[in-house]
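Heads up: the structure comes next, in structure tokens.
The values are calculated or read from the model by the stated rules, or taken from the named source; none is laboratory data. Since we're looking at a predicted model, the values are computed, not measured. Every residue, glycine among them, receives a Cβ derived from its backbone with ideal geometry; neighbour counts consider all protein chains shown. These area figures cover heavy atoms from the full protein model, side chains too; ligands, DNA and RNA do not enter into them. Shrake-Rupley method; radii C 1.70, N 1.55, O 1.52, S 1.80 Å.
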Amino acid sequence: MSHPINRTISVAPMLDWTDKHCRYFLRQISQHALLYTEMVTTGAIIFGKGDYLAYNQEEHPVALQLGGSNPVDMARCAAEAQKYGYDEVNINVGCPSDRVQNGRFGACLMAEPETVADCIKSMQAEVDIPVTVKSRIGIDEMDEYEDLSRFIDVVAASGCHTFTVHARKAWLKGLSPKQNRDIPPLMYDRVYQLKQEFPGLHISLNGGVKTLDEVSAHLAHLDGVMIGREVYSNPYILAEVDQRFYQDSSPIKTRFEVVQDMLPYVEQQMDGGARVWHIARHMLGLFQGQPGGRIWRRYLSQNGTKAGAGIELLIDAVDVLLEAQSKAKAFQSEMLD
């Protein structure tokens with residue numbers, strides 16, 4: 001059974017970052033933001049030996065981001081995702097890495113809107129959950145607004161009504177994936193223009209969003225905002241999302257309550273063979289910008305990978321953090337006296 005999706009706020013799919021542990025952690029901070037998996041390729045799902053679709057039921061609403069370009073394989077994997085209970089399948093048309101290009105998926109598919117449209121049709125014939133697309137605003141020399149408009153037009157005609165657009169172009173030749181996240185300039189106006197041209201489509205924006213005030217400014221023009229790296233480095237940015245954008249009157253959890261709520265999960269996962277660092281690494285930024293935040297980060301980093309590290313890692317890290325905050329307050333009091 002799929003869960004209702006409100007895409008006003010979502011957290012971007014980030015390779016090596018938004019795994020199931022990260023998503024469970026973020027769900028402790030926001031109950032409503034839509035969460036995305038890391039990109040999973042059709043090859044991994046069809047031929048891989050591991051379970052690449054495993055997730056925690058508490059993560060809902062959660063979407064699978066799929067990498068591929070073969071309509072038959074994409075449809076097969078979408079059906080598998082629906083069987084697992086994912087709420088959405090999203091096609092990656094934005095990743096610029098060489099490995100992805102060699103597999104003929106990711107951002108290079110912006111040059112092949114008909115291929116993406118064929119995938120949409122095949123997938124929608126197999127599933128009832130939404131099939132959506134995440135793209136860039138352009139690639140290489142195909143970077144005029146008209147190129148983007150044509151891509152959206154062709155793909156939308158296949159039955160896709162939901163697009164998330166990273167407001168940077170991708171240079172497939174000459175820039176690394178990391179450089180492609182920073183060097184091409186952000187062009188939010190292109191995404192705003194898309195919404196004006198295609199008012200019937202759900203258009204979300206991704207790229208460079210760092211504050212909830214920026215989110216509000218974008219929502220004046222668009223249907224949704226996807227936040228990426230800022231959520232990973234400063235996850236508590238999600239703390240006010242439910243109240244501010246979803247009219248949820250539930251009390252906002254403190255950072256310490258978030259840690260407390262993670263403890264049973266850490267124990268459960270470790271009983272299943274996970275290491276505490278697999279989970280704690282996603283929590284490094286929880287106290288970003290707070291007194292003692294660096295000490296929290298350093299304690300987890302220095303002790304999380306040690307042999308035998310367990311749930312006490314988080315408990316002891318809180319103690320070290322509180323001690324640092326207490327010393328900081330005492331020092332400030334002395335300075336004021």
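Other residues lying with their Cβ under 14 Å from the Cβ of Cys119 contribute a combined charge of -1, Lys and Arg counting +1, Asp and Glu -1.
Projecting the Cα atoms of Cys119, Thr164, Cys95 onto the dipole axis of segment 54-176, where Lys and Arg carry +1 and Asp and Glu carry -1 at the beta carbon, places Cys95 farthest toward the positive end. Modelled this way, with points 7 Å down the Cα-to-C-beta line, the labels at Gln243 and Gln193 are 3.9 nm from one another.
By how many nm would the segment from Lys121 to Leu175 grow when fully extended, if each residue of separation counts as 0.36 nm and the alpha-carbon distance is taken off? All intermediate terms of the calculation are to be shown ahead of the outcome.
Working: separation 54, 0.36 × 54 = 19.44 nm, distance 3.24 nm.
Value of the extension gain: 16.2 nm.
Taking all protein chains into account, the per residue accessible area for segment 134-240 stands at 42 Å² (1.4 Å probe).
Please identify every one of the chymotrypsin sites (Phe, Trp or Tyr not before Pro) in segment 191-275 that sits in a loop by DSSP and has no more than 16 other beta carbons within 10 Å of its own beta carbon.
Numbers: sites: Tyr192, Tyr232, Tyr236, Phe245, Tyr246, Phe256, Tyr265; in loops: Tyr246.
Those that pass, being in a loop and sparsely packed, are Tyr246.
Which listed residue (Ala328, His21, Tyr86) has the Cα farthest towards the positive end of the charge dipole for the chain, taking +1 on Lys and Arg C-beta and -1 on Asp and Glu C-beta about the Cα centre? Positive-end residue among those listed: Ala328. Using the beta-carbon distance between Val72 and Glu312 and R0 = 56 Å, what value does 1/(1 + (r/R0)^6) give for FRET efficiency, to the nearest 0.05? FRET efficiency, Val72 to Glu312: 0.70. Between Thr41 and Gly67, the built amide H atoms are under 5 Å apart, and every one of these is 5 or more places off in sequence or on another chain. Taking the Cβ-Cβ separation of Glu58 and Ala157 as r and a Förster radius of 35 Å, what is the calculated FRET efficiency to the nearest 0.05? The calculated FRET efficiency here is 0.40.
Model label points for Asp213 and Tyr84, set 7 angstrom from Cα along the Cα-to-Cβ axis, are 3.9 nm apart.
Give me the percent of accessible area attributable to carbon and sulfur for the chain, probe 1.4 angstrom. Looking at the chain in its full context, I get 50 percent from C and S.
Entry note, the chain: the mean residue ellipticity at 222 nm calculated from DSSP H runs of n ≥ 4, each adding -39500 (n - 2.57), is -13000 deg cm²/dmol after division by the residues and rounding to the nearest 500. Note on percent of Cα pairs over 28 Å apart: of the candidates (i) 37; (ii) 44; (iii) 34, the value calculated from this structure sits at (ii).
Stretch Ile46-Leu15 to full length: gain in nm at 0.36 nm per residue minus the Cα-Cα span?
Numbers: separation 31, 0.36 × 31 = 11.16 nm, distance 1.92 nm.
Length gained, Ile46 through Leu15: 9.2 nm.
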